[in-house]
Amino acid sequence: DLDKNTVDFCENFDASLREPIVLPGRLPNLLVNGASGIAVGMATNIPPHNLNEVADAIIYLVDHYDRTDDVTLDDLMQFVRGPDFPTGGIILGREEIRRAYATGKGLILVRARVHIEGPRGGRSTIIVTELPYQVNKANLVERIATLVRNGRIEGIGDLRDESDRTGMRVVIELKRGVDPRPVLAALFKRTQMQTTFGANVLALVDGEPRHLSLKRALLHYINHRREVLVRRTRYLLEKAQA
């Protein structure tokens, strides 16, 4: 739709070309894909979300567009329950999710998904199948191995990565008779099996950086799409009447 006067253009850095100020995106990419970046004096860190959930929230807002002031955060969180991290993991608690959606800022605690197998022959095994967002598996395995060698974590007898194309599987075998619960607690405390995602929903609105609540972010997208559709329709009408 760039050739249908849907968005404004400006000159590029050396005035050799003209480029769109913003793309006429058909998807709410800011929320679905997330974003992370650092600029002078400011930074943004937006978590990714599930496309279906965001679409349902947009539909709800469109259906109530004439009375958006009455739409509450609880209404929207019926659809958008929280970030949807591509690496999985478990988000602990909903209070910080709600804070992030209300103010644009929040500290979201994410923990690896694990389960315990055994004991077999007196040995229990901790199986890690999902990691917190942006945690590198190889670095995590190396970190655990280093902590075991240095005596910072005790009770681990073997560590191996059995991941394949069917999914992730990091195996942490414990020594005979070791209770897996304190070992798991130490892993959460000393490694990136538990991390904090600092949500900072900062985006440019009319050229100015602003912190956006979930509702404001969705409304800005709806207004953007409305403007794109109106401008495209006017362009096609003028072309047909010419």
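Just one residue in the set Val62, Val80 is within 27 Å of Glu130 (Cα to Cα), among the hydrophobic types (A, V, I, L, M, F, W, C) and surrounded by 11 or more Cβ atoms within 10 Å (Cβ to Cβ); that residue is Val80.
Scanning the stretch 26-42 for residues that are surrounded by 10 or more Cβ atoms within 10 Å (Cβ to Cβ) and in a loop (DSSP other than H, G, I, E, B) yields Leu27, Pro28, Asn33, Gly34. Inside the stretch 114-128, residues that are surrounded by 15 or more Cβ atoms within 10 Å (Cβ to Cβ) and either touching a residue at least 40 places away in the same chain (Cβ under 8 Å) or assigned by TED's automatic domain parsing to the domain that holds Asp74 (or both) make up a count of 8. Between Tyr235, Tyr221, the distinction of being buried (at least 19 other Cβ atoms within 10 Å of the Cβ) and either modelled with pLDDT under 95 or assigned by TED's automatic domain parsing to the domain that holds Ile91 (or both) belongs to Tyr221 only.
Any chance the stretch 143-151 includes a residue that's in contact (Cβ under 8 Å) with a residue 60 or more places away in the chain, assigned to a helix (DSSP H, G or I) and out of contact with any Leu (no Cβ under 9 Å at 6 or more places or on another chain)? It would help to see each step written out before you state the result.
Keep residues of the stretch 143-151 that are in contact (Cβ under 8 Å) with a residue 60 or more places away in the chain, which gives none.
Checked the stretch 143-151: no residue is in contact (Cβ under 8 Å) with a residue 60 or more places away in the chain, assigned to a helix (DSSP H, G or I) and out of contact with any Leu (no Cβ under 9 Å at 6 or more places or on another chain).
Sub-7 Å Cβ pairs linking a first residue in the stretch 50-77 that is more than 17 Å from Pro28 (Cα to Cα) to a second residue that is hydroxyl-bearing (Ser, Thr, Tyr) and in a helix (DSSP H, G or I), at least 6 apart or interchain, are Leu73/Tyr101; Asp75/Tyr60, ordered by first then second residue.
Scanning the stretch 137-162 for residues that are within 20 Å of Phe85 (Cα to Cα) and either surrounded by fewer than 12 Cβ atoms within 10 Å (Cβ to Cβ) or at pLDDT below 95 (or both) yields Ala138, Asn139. Exactly one residue out of Asp84, Asp75, Asp70 is charged (D, E, K, R) and more than 22 Å from the chain's Cα centre (by Cα), and it is Asp70.
The values are calculated or read from the model by the stated rules, or taken from the named source; none is laboratory data. Because the structure is predicted, anything quoted here is derived from the model rather than measured. We place every Cβ from the backbone using ideal geometry, glycine too, and count neighbours over all the protein chains shown.
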